[in-house]
Amino acid sequence: MSIETLKKALPDYAKDIKLNLSSLVNDESLNEQQLWGTFLVSAFAGRNEFVIQQICAGAAEYLSPEVMTAAKAAAAIMAMNNVYYRFVHLVSNKDYQTMQAKLRMNVIANPGVEKDDFELWSLAVSVINGCGMCIDAHEQQLLKHGVSKEQIQTAARIASVTHAVAAILDGEQAMGSDALSQAA
């Protein structure tokens with residue numbers, strides 16, 4: 001299983017991350033589509049090739065190709081939106097808040113999956129990318145769709161742990177560690 005491979009690749013100093021991966025993959029507050037879609041978008045947002053490969057392999061056991069495509073579309077659109085809206089939020093000149101973004105975002109209106117799932121995945125990517133404006137917007141939409149605060153928190157936890165795995169493995173690879181080859 002892909003999560004097991006990721007856990008094996010993590011060094012001993014990341015024991016807490018391993019334990020968190022185990023508990024999150026078994027979390028029951030999200031359905032399978034929400035859970036694995038959140039892992040998938042978080043892997044893409046974390047940008048580590050090994051993490052993306054392992055999470056994709058695991059997600060493929062639970063998600064249809066169409067749902068995987070929708071999750072990847074959420075990661076793609078939020079990669080763009082998080083940068084732009086973080087700029088709008090952080091720039092001192094507030095005139096940009098009243099200007100149209102003029103960026104295509106058609107997938108948000110027609111994501112190919114349930115709207116609350118797409119919003120949850122968009123929130124997870126926004127958590128990783130640190131866009132407060134997007135986090136607030138997606139959290140509000142999720143609450144309107146009846147998604148619980150516990151489910152929203154679970155998505156944020158998956159995002160944070162998946163991102164930690166990517167960061168640790170990037171660091172280990174930069175130091176010349178062979179943990180990835182040993183885990184694979």
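Any read-out appearing in this document is the output of simple, stated calculations on the displayed coordinates, not a laboratory observation. Note that this is a predicted model, so its numbers are computed, not measured. Positions of Cβ are backbone-derived with ideal geometry, glycine not excepted, and every protein chain shown enters the neighbour counts.
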Legend entry - Phi to ³J(HN,Hα) by Karplus 6.51 cos²θ - 1.76 cosθ + 1.60 over segment 90-102, Hz, x for Gly, Pro: 8, 5, 5, 6, 7, 4, 5, 5, 9, 8, 5, 5, 6
Legend entry - Kirkwood-type radius of segment 1-126, with distances r between different C-alpha atoms, in Å: 15.8
Inset, instruction - Report, in deg cm²/dmol and to the nearest 500, the calculated mean residue ellipticity at 222 nm for the chain, where each DSSP H run with n ≥ 4 adds -39500 (n - 2.57) and the sum is divided by the residue count. - result: -23500 deg cm²/dmol
Legend entry - Descending semi-axes in whole angstrom, ellipsoid equivalent of segment 1-62, from the Cα gyration tensor: 18, 14, 10
Inset, instruction - Find the centroid of the Cα atoms in segment 27-48 and in segment 134-179, then give the distance between the two in whole Å. - result: 8
Inset, instruction - Give, in nm to one decimal, the length gained when the segment between residue 140 and residue 153 is fully stretched (0.36 nm per residue of separation minus the Cα-Cα distance). - result: 3.4 nm
Inset, instruction - Would you mind estimating how fast segment 66-110 diffuses translationally, via Stokes-Einstein at 25 °C and 0.890 mPa s with the Kirkwood radius over Cα pairs, in µm²/s? - result: 208
Inset, instruction - Enumerate the residues in segment 1-38 having an amide nitrogen under 14 Å from the point lying 7 Å beyond the Cα of residue 173 toward its Cβ. - result: 6, 9-10
Legend entry - Exposure rule at most 13 other beta-carbon atoms within 10 Å, DSSP loop GluC sites (Glu not before Pro): the chain longest free segment: 62-184
Legend entry - Sequence ranges 81-92, 120-131, ranked by mean other-Cβ count within 10 angstrom, highest first: 120-131, 81-92
Inset, instruction - Counting residues in segment 58-184 as N, plug N into 2.2 N^0.38 Å and put the Cα Rg over that result. - result: 1.20
Inset, instruction - State the cysteines of the chain left without a partner when partners are defined as other cysteines whose beta carbon lies under 4.7 Å away. - result: 56
Legend entry - Of 18/149; 7/144; 8/115; 15/72, pairs whose Cα-Cα distance is over 31 Å: 7/144; 8/115
Inset, instruction - Figure the gain on full extension for residue 49 and residue 22 (residue separation times 0.36 nm, minus the Cα-Cα span) and round it to one decimal in nm. - result: 7.7 nm
Legend entry - Cβ-Cβ FRET estimate between residue 29 and residue 83, R0 fixed at 45 Å, reported to 0.05: 0.90
